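Every read-out reported here was derived from the displayed coordinates using simple, explicitly stated rules and does not represent laboratory data. These numbers were taken from a predicted model, which means no experiment stands behind them.
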Amino acid sequence: MILFIQELLLVLVNTLALTSCILGLPGNWLMVMFTWILAWWQWDKQIFTLPTLIVITALALFGELAEFLSGVLAVRKAGGTKRGTTGAVFGAILFAICGTFIIPIPIIGSVAGACFGAFIGALALEFTGGRTMRDSVHSGLGAGIGQFLGMNLKLLLGLVIWLITAIAAFWP
């Protein structure tokens, strides 16, 4: 009975962690950490196998890489330079934090801030690097769209992590 309660608690805590992904927090890593802790704590019960733990860790890592690379690749595909890419990355981080406080609507502030920040960061560094306004805006749009797609892919991978841990916790 105690093990069932621990497994249920893990699913509930992982649900909160998954929700935190939407706010730009490291929810995937929190789910991985909580799952590894329960697995270690109840290792003799073999709730989670080592391959399961490795898979969810790899998915979290892939989610981080996908989020980061989607913005970078989108700037490049839009014809941007390394300056634009750098601006997109730093703009997304800075504006995601600011957006959470400026637009205090859950989810919307963080997502809008990150996408707008990627756009502004890429545009600003492209333009100050000597590119035309049209090319700079094009790179900025690519960065904003790429950031949005990356955030959604990371959230989707978080949902997969959640499903794997929820099923594995109760599967005999």
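By the Cα gyration tensor, the chain has an equivalent ellipsoid whose semi-axes, rounded to whole angstrom, run 38, 15, 10 from largest to smallest.
Counting only complete DSSP H runs, which helices of the chain cover 30 Å or more along their long axis at the Cα atoms and score a mean Kyte-Doolittle of 1.0 or above? Correct list, ordered by number: 2-22, 50-77, 133-170. By the rule of a C-alpha distance below 17 Å, with chain neighbours fewer than 8 residues away ignored, the aspartates and glutamates paired with Lys77 are Glu67, Glu126, Asp135.
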